[in-house]
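To start, the structure itself, in structure tokens.
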Amino acid sequence: MSLLEVRDLHVWFDLPDGGELHAVQNVGFSLDAGERLGLVGESGCGKTTAILTIMGLLPSSATVAGDVRIAGESVLAEGEESVRSHRWNDVAMVFQGAMNALNPVKTVEQQIIEPMEFHEVAEGEEARYEARRLLEMVGIPRQAGGRYPHEFSGGMRQRAALAMALACNPKVLLADEPTTALDVMVQAQILELLVGLSDELGLALVLVTHDLPVVAQVCDRAAVMYAGEIVETGLVDDLFHDPRHPYTRLLFAATPDLYGDEEVVSIPGAPPRLDREILGCPFQPRCDRAFDRCIRERPVLRHVHADRLAACHLNDLAAGNSDVHRTRATK
Amino acid sequence: MSPITRPETAGASGALVEPPLLEVSDLRTRYPIRRGLVGALIRRPRRWVRAVDGLSFSLRRGEMLALVGESGCGKTTTAQTVLRLLEPDSGSVKLDGRDITSLPSRDLRPLRRKAQMIYQDPYESLDPRFRVRQTVEEPMLIHGVGGNHDQRHVLVVEALTRAGLTPPDLFLDRYPHELSGGQRQRVAIAASLVLGPELLVADEPVSMLDVSVRAGVLTLLDQLRRSGTMGILMITHDLSTASHFADRIAVMYLGRIVEHGPAKEIVRDPKHPYTRALLSVVPKRDPRDRTNPQILTGETPNPVAIPPGCRFHPRCPVAEPRCRVEDPVLHRVRGGTIEHEAACVLV
């Protein structure tokens, strides 16, 4: 049994004009204690929506189907009723731009104590002690807890946001673009901290980002999302060296590498709209390897080999021969 | 008519080499810190943020120079001072061999036409009520160039085509909200191209864009400078992007360049300890390439209190006692090419 298990997750949003937007489609992944999973893809691919669902924080316009289990217990079964006991206690989240969302009129320490008291984890002096211990754990000196967010630098505020997320001793941490607005040196400090926390506390980490190199350096596994669904998942090493979906390969090719000499190429076109039914493969209009079957038939995510899933018809072509992904089609 | 003379006249005399498109020498720009009423009454000394503090570099035509560094290092202040959006305290900025730091404001208009800026956020830099054609036409109206309505239309279409928005007819009547991030940034680029600029200053031109379209916008900038006489000064914090697209990289720290040289050489053989540390923490794309990051501790440096001696010494992993007193100047590094310079007494 995995610590976090997401199965057949779907999210639809009601649109003002009466339509529906299928933001998350059949998403599933699982995570053990101390494991780090990267959820990557372009903006609008559903990665943030997927983890907000795990937290039970979607707006009322959303309809959810599927199953999310934490240590075997179903989180979504009873809606808000069942999610409340897990939220922050078992699974916590660092929001995108969290460092800019701290309350400016409360000290950093108070903001960590608040969730502790609300969730009855600790109170009074004990909570204060615990808050300072957490701050120290994320690299902020104990005595700085009495300061206000504006007295902190961006990196320190991000550390404080991390300490807040850890206030109720969660087992799973969901981090949405935790380093996006930070400088490269501060990014390195925060990533080192996240890796350290997941190693030391056995924290299962889901890292949501569009930054492939960050995932490559921090995570064990990754799931690549496109148009609301996972199109490929596996060990990051395999995804980079032996991609089994053209989108994974093109995403890496669009990312410049410090020492890489090969040309950096954009992926032409844009992701499809999710408020209408998609025929065939959703990536087909942008794919450099698409063939007639891709227009007619939507590929399903299935095992390519052990610990690797991909949703691409090319994998049927030469049964198991990864060369079909390596060579680029001539135009 | 234009107060900025073309360099050909100098070249024609045969004696002079064509000056670089942009030449910045010993530039200093600082901002005062408010003292408040009490501070003023008790005559507390005025303090300054020394954002740009003795900066020199040059940019040739057809070249792309990347200015890299952490936030607060003075990259953006440099860009604004170069375009005279900010007044420098001292030093000079020469465009085409002509000093623009002392130009009276009435002469700034031709300068604005020659030097254009691309901003970071194409979601904010475009007027949401303007159609693409209006956005691209507006600079010509402001500068009173481009001829009559029909001639301007031709120029608008041409600029859109150069910016890769083809066919232009598809985009002319759209509003920004109907465009993707990459398309918006291309519209912003088109709007600067209509004036035929010679210097393009791009401040983090792709950091707000999706990974999948970044390369396209950067390739466009790359083509623009290769196809003409335009020089591009790109401000970025992304060293991978800089190493891929720029000819040269200049690394800034606390308002000054600490190392510069050919892009590939800076990335493969960095000399200054700061550059080395900065490069070591850039995440690599290949998961197997997990080199040990050399993470500098301490806060982002404060340009109000610049340390004496070498300004990097408090965070430097290899600092020696003399680094606390000696302020190193840029000099050619041992074992580097002629253009590779660093400001460190150890290299």
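The values are calculated or read from the model by the stated rules, or taken from the named source; none is laboratory data. Just so we're clear, the structure is a prediction, and the values are computed from it rather than from any experiment. Every residue, glycine as well, gets a Cβ built from its backbone with ideal geometry; the counts of neighbours run over all protein chains shown.
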(message) Could you check region B:163-174 and list, in sequence order, the residues that are under 18 Å from A:Arg273 (Cβ atoms) and part of a loop (DSSP other than H, G, I, E, B)?
(response) B:Arg174
(request) Give the number of residues within region A:242-260 that are free of Cβ contacts under 8 Å to residues at least 60 places away in the same chain and at the interface with chain B (Cβ under 8 Å from one of its Cβ atoms). (result) 9
(request) Could you run through region A:52-71 and say how many residues are of a type in the set (Val, Ile, Thr) and either closer than 16 Å to A:Ser2 by Cβ or free of Cβ contacts under 8 Å to residues at least 40 places away in the same chain (or both)? (result) 3
(request) Name the strands (runs of 3 or more DSSP E) wholly inside region B:221-301 in which the number of residues that are of a type in the set (Ser, Thr, Tyr) and either away from chain A (no Cβ under 13 Å) or in contact (Cβ under 8 Å) with a residue 24 or more places away in the chain (or both) is 1 or more. (result) B:231-236, B:248-253
(request) May I ask you to list the residues in region A:75-89 that are buried (at least 18 other Cβ atoms within 10 Å of the Cβ) and either at pLDDT below 85 or touching a strand residue (DSSP E or B) at 6+ places or on another chain (Cβ under 6 Å) (or both)? (result) A:Val75, A:Leu76, A:His86
(request) Could you check A:Leu174 against (1) crowded, with 22+ Cβ neighbours inside 10 Å; (2) under 17 Å from A:Val108 (Cβ atoms); (3) more than 14 Å from chain B (Cβ to nearest Cβ) and say which number it fails? (result) (2)
(request) Give me a count of the residues in region A:1-58 that are outside any loop (DSSP other than H, G, I, E, B) and at negative phi. (result) 35
(request) Please determine, by comparing only the residues of region B:109-132 that are under 19 Å from the mean Cα position of the chain (by Cα) and among the aliphatic types (A, V, I, L, M), which one is farthest from B:Glu198 (Cα to Cα). (result) B:Ile118
(request) Could you list all residues from region B:169-185 that are under 12 Å from B:Ser125 (Cβ atoms) and either touching an Asp or Glu at 6+ places or on another chain (Cβ under 7 Å) or within 14 Å of chain A (Cβ to nearest Cβ) (or both)? (result) B:Gly181, B:Arg184, B:Gln185
(request) Inspect region A:266-275 for any residue being more than 10 Å from chain B (Cβ to nearest Cβ) and farther than 29 Å from B:Arg186 by Cβ and give the result as yes or no. (result) no
(message) Where the second residue is exposed (fewer than 13 other Cβ atoms within 10 Å of the Cβ) and the first is more than 25 Å from A:Val195 (Cα to Cα) and lies in region A:132-151, which pairs have Cβ atoms under 7 Å and are six or more apart or on separate chains?
(response) A:Tyr148/A:Pro104; A:His150/A:Pro104
(message) Every residue in region B:121-132 that is modelled with pLDDT of 90 or more and surrounded by 19 or more Cβ atoms within 10 Å (Cβ to Cβ), please.
(response) B:Leu126, B:Val132
(request) Residues being in contact with a Cys (Cβ under 8 Å, 6 or more places away or on another chain) and closer than 16 Å to B:Cys73 by Cβ: count how many of those fall in region B:260-279. (result) 3
(message) When you scan region B:313-322, do you find a residue that is of a type in the set (D, E, K, R), free of Cβ contacts under 8 Å to residues at least 12 places away in the same chain and under 27 Å from A:Val195 (Cβ atoms), even just one?
(response) no
(request) Determine, yes or no, whether A:Ala306 is touching a Ser or Thr at 6+ places or on another chain (Cβ under 6 Å) and surrounded by fewer than 21 Cβ atoms within 10 Å (Cβ to Cβ). (result) no
(message) I'd like to know if region A:217-235 contains one or more residues that are in contact with a strand residue (DSSP E or B) (Cβ under 7 Å, 6 or more places away or on another chain), in contact (Cβ under 8 Å) with a residue 12 or more places away in the chain, aromatic (Phe, Trp, Tyr) and within 12 Å of another protein chain (Cβ to nearest Cβ).
(response) no
(request) Can you work out which of the residues in region B:186-215 that are in a helix (DSSP H, G or I) and away from chain A (no Cβ under 14 Å) is nearest to B:Glu138 (Cα to Cα)? (result) B:Ala191
(request) Kindly indicate whether any position in region A:53-65 is closer than 21 Å to A:Arg221 by Cβ, more than 14 Å from every other protein chain (Cβ to nearest Cβ), among the polar types (S, T, N, Q) and touching a strand residue (DSSP E or B) at 6+ places or on another chain (Cβ under 7 Å). (result) yes
(request) Pull up region A:242-277, narrow it to residues that are among the hydroxyl-bearing types (Ser, Thr, Tyr) and touching a helix residue (DSSP H, G or I) at 6+ places or on another chain (Cβ under 6 Å), then point me to the one that is nearest to A:Ala311 (Cα to Cα). (result) A:Thr248
